[in-house]
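Below you'll find the structure, written out as structure tokens, and then a few comments.
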Amino acid sequence: MESTKILMVCLGNICRSPLAQGILNSKITSNTFVDSAGTAAYHVGNPPDPRSTEIAKQKGIDISQYRARKFTKEDFTKFDQIFVMDQSNFEDVIRLAETKAEHDKVSLILPFEQEVPDPYYGGKEGFEYCYSLLDKACDQIIEKMKL
């Protein structure tokens with residue numbers, strides 16, 4: 001059976017999307033590949049923000065080995081589903097979609113057009129809130145996609 005491939009996308013790929021990647025990876029038991037990327041190239045090659053790494057570690061998840069990369073048009077071919085953290089990321093990704101099939105792969109990670117706020121410029125509480133939102137979102141992804 002071929003594996004399902006899921007991509008998590010945020011702005012710089014050091015806070016929200018690697019956290020979402022780590023959470024989903026920690027919860028799935030199926031043959032699923034999860035990766036993450038950013039819509040901007042600010043942090044390419046860098047590890048996740050230490051605050052994301054710390055909140056993940058507190059929850060028993062190691063994301064320290066992840067490295068930031070930029071979203072590319074090829075990701076539409078490589079992934080079955082692309083989850084973005086906010087409307088700005090959605091628009092940046094959709095701008096690169098060339099077909100309806102590519103467009104249809106992209107959705108906000110939270111239901112009802114809600115956004116996962118970027119915790120980068122805030123304190124520890126923002127990362128804890130981000131984790132709680134992504135934890136619930138990953139449970140919903142597993143249920144919806146039957147992972």
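The values are calculated or read from the model by the stated rules, or taken from the named source; none is laboratory data. These numbers come from a predicted model, not from an experiment. Quick reminder, even Gly has a Cβ in these numbers, built from the backbone with ideal geometry, and neighbours come from all protein chains shown. Please note that ligands, DNA and RNA were not included when accessible areas were found on the heavy atoms of the full protein model with its side chains. Shrake-Rupley method; radii C 1.70, N 1.55, O 1.52, S 1.80 Å.
The solvent-accessible area of Val44, taken with every protein chain present and a 1.4 Å probe, is close to 80 Å².
Accessible area of His43 (1.4 Å probe, protein heavy atoms only, ligands and nucleic acids ignored): about 40 Å². Charge dipole of the chain (Cα centre as origin; +1 on each Lys and Arg Cβ, -1 on each Asp and Glu Cβ, all else neutral): 340 debye, rounded to the nearest 20. Here's the picture: charge each Lys and Arg Cβ at +1 and each Asp and Glu Cβ at -1 in region 1-120, and of Asn25, Ala97, Leu110 the one pushed furthest to the positive end of that dipole is Asn25.
Amide H to amide H distances under 5 Å link Ser36 with Met8, where only residues 5 or more positions off or on other chains count and H is placed in the peptide plane. Summary value for the chain: 28 percent relative contact order, contacts being C-alpha pairs under 8 angstrom separated by 6+ residues. The accessible area of Glu91, taken with all protein chains in place and a 1.4 Å probe, comes to roughly 90 Å². Taking θ as phi - 60° and the Karplus parameters 6.51, -1.76 and 1.60, the scalar couplings of region 61-76 work out to 10, 9, 10, 5, 7, 5, 10, 5, 9, 8, 4, 10, 4, 5, 4, 4 Hz in sequence order, x denoting glycine and proline. Given R₀ = 35 Å, what would the calculated FRET efficiency be for Ser88 paired with Glu2, taking r from the Cβ atoms and rounding to 0.05? My answer for the efficiency is 0.65.
Maximal additional length on extending the Thr99-Met145 stretch stands at 14.3 nm, based on 0.36 nm per residue less the C-alpha distance. Just to be sure I follow the rule: in the chain, considering lysines 8 or more places apart or on different chains, how many pairs have Cα atoms under 12 Å apart? For the chain, qualifying lysine pairs total 5. Note on the chain: with a GNM built from Cα contacts shorter than 10 Å, the maximum mean-square fluctuation among Gln114, Gln21, Gln87 falls on Gln114. A Förster radius of 41 Å, combined with the Cβ-Cβ distance separating Lys78 from Phe112, puts the computed FRET efficiency at roughly 0.90. Close amide H partners of Val84, meaning residues 5 or more places away or on another chain with modelled amide H under 5 Å apart, are Val9, Ser107, Leu108, Ile109. The residues of the chain present an accessible area of 52 Å² per residue when probed at 1.4 Å with all protein chains retained. Rolling a 1.4 angstrom probe over the chain with all protein chains present gives an accessible area of which 52% lies on carbon and sulfur atoms.
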